[in-house]
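Reviewing the structure listed below.
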Ligand code: ADP
Ligand code: MG
């Protein structure tokens, strides 16, 4: 008896010690299929029924996800879940009992309720009742995710469930990687960026950047889920985000002109999105400074309400201010050549300073402002849509073509005279010039641009 108690105590102590240390776990969505928990985290192992098939998800749980143990309980008819506390203890593959598979409490019913119920009472394990479908919508789910304070993404289980219950509708865009589709999830439109398996690193990188703590902001594309699905012969890699029917700013400006107010709202939201990316927020729930590295009108999306969001974070880099390092090895000259800052074109950029990457973003933003301001209709007068340097280079220019124009001839897009007769366009013209300086240190910051643009609206309001 006393022997038993002693061993129980030892086990408890052992468990406690294990609980406090960081762990290595098997992880489906991670590079090398391995993740590392923070101290007091756990390895997570689960299997659930999706479209009638068993799907296993293995990953790390953060201490806040572990708290309340909601992810560690199985739900009778839907899934098995298990938390454990030794290195790679989630290696074993779980299976549902045949009764569960036949019972078919459809996991498609897993909606916002999953998160809602968990939030209301995290002590309550997820069971069939919490999985019953209601009319909760994606926006609520994302809002909850935003305010839950536990990192910056939905639990992997939920991400995977959402991704696997999306029905693709139509292809809406093509970029550097794969294809972007409009899809339907639970009656709502979502955008799905599909990467080919050879671009796995890009998929992983973009998903990772979107899930940076505190990244969510109204002018950054709202990330919903990442999923990798092996169909036996290849792996499908999905990145799910909010869908914006106007598409990119490039598409929008090709199709429409904008009013002065419309231009200011777009310019302000672009500057706000970039300022948020660039800003470091200090603290445990802080955010590193991030540089985008591919700012252009095709990577900015226009929302229904006329504001913009920054998208395509696949090339972004994060700054660790403690060690003054960048989180990935820098392969020089990424991004779109037409929008490359002069110091990138002539290779004079100081890669050891993170500021350099922010300043290069600002240069590109200046070019986007120029594309935007040309489409501002003032008493029915506006310019046609053009890409920056359309007069100097052909489509798909080389680095050398761009370098000759931007660095050697020191040309910049021309600013039409008539902009001088409108306060807002005059200010926009001035901002552009100050974003385009050859000397990166002389350029405005995103925060400065944001402030200046927001004052334009004030001036205008006062005049009216
Ligand atoms: P890539 O990395 O391949 O360049 P992007 O993320 O830039 O991919 O997307 C390519 C294009 O798809 C965009 O220029 C835009 O036209 C369209 N697109 C991307 N995401 C969305 C979205 N959330 N809503 C609507 N259209 C989108
Ligand atoms: Mg793109």
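Values quoted throughout were computed directly from the atomic coordinates according to the rules given, and no laboratory measurement underlies them. Please read these numbers as outputs of a predicted model, since none were measured by experiment. Heads up, the Cβs are rebuilt from the backbone with ideal geometry, glycines too, and the neighbour counts pull from every protein chain shown.
Observations on the model:
- Spherically averaged projected area of the convex hull of Cα atoms, the range 344-464: 8.3 nm².
- Shown for 40, 65, 408: other C-beta atoms within 10 Å of each C-beta, ranked fewest to most, produce the order 408, 40, 65.
- Take 212-219, 346-353 and order them by the average number of nearby Cβ atoms within 10 Å per residue, most first; the result is 212-219, 346-353.
- Each Cα pair of the range 165-264 feeds into the Kirkwood radius, which the Stokes-Einstein equation turns, at 4 °C and 1.567 mPa s, into a diffusion coefficient of 87 µm²/s.
- Protection proxy ranking, peptides 270-277, 436-443, 189-196, 324-331, average beta carbon neighbours within 10 Å, highest first: 270-277, 189-196, 436-443, 324-331
- Neighbour-count order for 67, 337, fewest beta carbons within 10 angstrom listed first: 67, 337
- Computed P(r) (all Cα pairs; the range 287-367; 10 Å bins; percent): 17, 50, 27, 6, 0
- Neighbour counting of Cβ atoms within 10 Å sorts the residues 363, 390, fewest neighbours leading, into 390, 363.
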